1. Of Gly90, Gly22, Gly140, which has the largest mean-square fluctuation in a 10 Å C-alpha GNM of the chain?
2. Can you compute the helix-only [θ] at 222 nm over the chain? Use -39500 (n - 2.57) per DSSP H run of at least 4 residues, normalise by all residues, nearest 500 deg cm²/dmol.
3. Taking amide H positions as placed in the peptide plane 1.01 Å from N, state which residues far from Ser64 in sequence (5 or more) or on other chains have amide H under 5 Å from it.
4. Name the helices (complete DSSP H segments) of the chain with a Cα length along the long axis of 18 Å or more and a Kyte-Doolittle mean of at least -0.5, or state none.
5. Using a Cα-Cα cut-off of under 24 Å, which lysines could be cross-linked to Lys161, ignoring same-chain neighbours fewer than 8 residues away?
6. Residue by residue through the stretch 72-88, which ³J(HN,Hα) values in whole Hz follow from phi under the Karplus form 6.51 cos²θ - 1.76 cosθ + 1.60 (θ = phi - 60°), with glycine and proline marked x?
7. Roughly speaking, what is the centre-to-centre gap between the stretch 136-167 and the stretch 21-64 when only Cα atoms are used, to the nearest Å?
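What follows draws every value from the coordinates through simple rules; no lab data is involved. Keep in mind that what you see is a predicted model, and the values were worked out from it rather than measured.
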Amino acid sequence: MAKLDILRYPDPRLYTRAKRVGIIDERIQRLVADMAETMYAAPGIGLAATQVDRHIQLIIVDTSENQNDLRVFINPELIFSEGDAEREEGCLSVPGIYDKVHRAERIRVRAQGLDGKTFELDADGLLGLCIQHEMDHLLGKVFVQYLSPLKQTRIRNKMKKRLRETM
Ligand code: NI
């Protein structure tokens, strides 16, 4: 396993739309293992392949308290959503920035697991919001894009300044 580099907002590669995964082979399994190591080390509760510059429809999520319940969603589709929930979100691609985002309160997602089998999952609470956040990454969307233009500009400037300081 290896830790991967996480793209930082506003890196334009984060705006890439991910392609469907065809065959779930050992390369995908290795990528999931590497992504899990990267997410747990960060530490974070979710990671999309987009964020490690792999533009395929793959997300991983672990919202369990002990970080021992890794969920893998390949080619995830939202097949149902209802309600409105607001929660403060953060993102490993936008470190140090947290803000409130509205999302559906309950969702049903259909996806394939690492075994290639299709499954459906009903999710609400933190898990539901986290899945929606990660699925957005596959569409090339970062959570800050839900915020006001003024806030987005401030965040972009902050991130660029930080990038210059670390180079
Ligand atoms: Ni994110």
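1. Gly22
2. Per the formula, -9500 deg cm²/dmol.
3. Residues meeting the amide H criterion: Asp69.
4. In the chain, the long hydrophobic H runs are 26-41, 125-138.
5. Cross-link targets: Lys100, Lys141, Lys151.
6. 10, 10, 10, 6, x, 10, 7, 10, 6, 8, 7, x, 9, 10, 10, 8, 6
7. 22 Å
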